[in-house]
Amino acid sequence: MSENKKSIRLWVDGVFDLCHWAHMNLFRQARQLGDYLVVGVHSCEDIKKHKGPPVLNDEERYEAVRGCKWVDEVVEGAPYITDPELVKKYNCDYVVHGSDATFSITEGDPYKKIKELGWYRTVPRTNGVSTTEIIGRFLLMDLKHLNREKNPIENVGIKEIGKMTQGSTEKEQTTLVSHYLPTTRRIVQFSDGKEPKDEEKVVYVDGVFDLFHAGHISFLKKAKEHGEYLLVGIHDDMVANKQRGTNFPIMNLHERVLCVLGCRYVDEVIIGAPFNVTKKMIEDMNISKVLHGTTELIIPKDAPNPYKVPKDLGIYEEIESVEKFNYMSERQICMRVLENRLTFDKRNKFRSDREENETENEKNENN
């Protein structure tokens, strides 16, 4: 950009609950419209007034958005009804939103004033995933799927989950299935395509990274401090289920890959990484350090420790989770939804019907 050309600043705001790859794709598309992206994140108190309670608290959502590589600045506690004065305060030229409709149960269109000023811009909505759909996977878990693997990890609320599935319709049960169709184009959009330089120290971590959250982000940030290039191995769904048990992972491999690729601390991922870190893998990837957090590993009986090779080579290190978010896990997030099942069930019924109507309207417009 030339010195005389004005920098274009964009504003995006939202709840960003269970901050997933569709949110990240919104940030990516918005960032392409200008030079600097400011993201306003609503407070739980404000969200409750306008659309019902979120699953994650304020700090967890702020951290998740702050961890996205396309976000330049986060405004905490931004109002649900977008305030033109606040947009002006951050010197933003346009307000960007997905092409899907948004609403407030008390005040209608949150962007009414912005649209009247001519500041409103849209980017294509990302189909295949939404917070509503992900919450639906919690609320409508299938018992056969829950019990498909025996696992020493304690089962999560199986009795409660069983009650939830009773009487659910075929239409509702489809909520359990991810509608995301993975493409190489999407992965390329999310990847930086950057290879490590010869002098850069490559650090390797691996895991499931389901329901990508602030705990994961803070761990990856800490891991990146041990080198210049962070390579993340993401286990496939079968390995993930053996590690997490019951109905996990909630997100499939490709969804989890996109979430990790959207993190500002990650340089590259291995899709479907092997559970055991091998010498060949270390040599091929030029790995200098292998790190692991404090999450307990489920190792099959008589199987070697998956980190035996890097331990023998003296390049393995265990790092403590960052204290602020070390309580977070997929299971803990799932329990929040189950414990507030009636509230989320009512909210999801309303929002899923609205999203279905939007999709139908889009089809009619294209015909």
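The values are calculated or read from the model by the stated rules, or taken from the named source; none is laboratory data. Given the structure is predicted, the values throughout are model-derived calculations rather than measurements. Neighbour counts are summed over all protein chains in view; Cβ atoms, including those assigned to glycine, are modelled from backbone coordinates with ideal geometry.
One table, with the values for the structure above:
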| quantity | calculated |
| --- | --- |
| Residue match in the range 333-353 (condition: at pLDDT 90 or above and under 30 Å from Tyr62 (Cβ atoms)) | yes |
| Residues being modelled with pLDDT under 95, farther than 16 Å from Tyr111 by Cα and buried (at least 18 other Cβ atoms within 10 Å of the Cβ) - total across the range 34-57 | 2 |
| Residue in the range 207-216 that is touching a Gly at 6+ places or on another chain (Cβ under 6 Å) and on the phi < 0 side of the Ramachandran plot present | no |
| Thr295 vs. criteria polar (S, T, N, Q), in the same structural domain as Asp192 (by TED's automatic domain parsing) and within 30 Å of Leu26 (Cβ to Cβ) | yes |
| Total residues in the range 8-28, condition modelled with pLDDT under 95 and over 18 Å from the mean Cα position of the chain (by Cα) | 0 |
| Hey, Glu365 farther than 18 Å from Leu211 by Cα, exposed (fewer than 14 other Cβ atoms within 10 Å of the Cβ) and modelled with pLDDT of 80 or more or not | no |
| Some residue of the range 142-149 being modelled with pLDDT of 50 or more, surrounded by fewer than 13 Cβ atoms within 10 Å (Cβ to Cβ) and closer than 30 Å to Asn252 by Cβ | no |
| Exclusive hit being at pLDDT 95 or above, touching a Pro at 6+ places or on another chain (Cβ under 9 Å) and basic (Lys, Arg), set Arg31, Arg61 | Arg61 |
| Matching residues, the range 309-340, being closer than 29 Å to Ile282 by Cα and of a type in the set (Val, Ile, Thr) | Val309, Ile315, Ile319, Val322 |
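The rows are residues; the columns are (1) touching a residue at least 40 places away in the same chain (Cβ under 8 Å); (2) out of contact with any helix residue (DSSP H, G or I) (no Cβ under 6 Å at 6 or more places or on another chain).
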| site | (1), (2) |
| --- | --- |
| Gly227 | yes, yes |
| Asp237 | no, no |
| Val257 | yes, yes |
| Glu268 | yes, yes |
| Asn286 | yes, yes |
| Leu291 | yes, no |
| Ile299 | no, yes |
| Pro304 | no, yes |
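Each row is one residue, and each column tells you yes or no for (1) in a loop (DSSP other than H, G, I, E, B); (2) among the aromatic types (Phe, Trp, Tyr); (3) outside the structural domain of Asn252 (by TED's automatic domain parsing).
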| position | (1), (2), (3) |
| --- | --- |
| Val71 | yes, no, yes |
| Tyr80 | yes, yes, yes |
| Lys88 | no, no, yes |
| Thr102 | yes, no, yes |
| Gly118 | yes, no, yes |
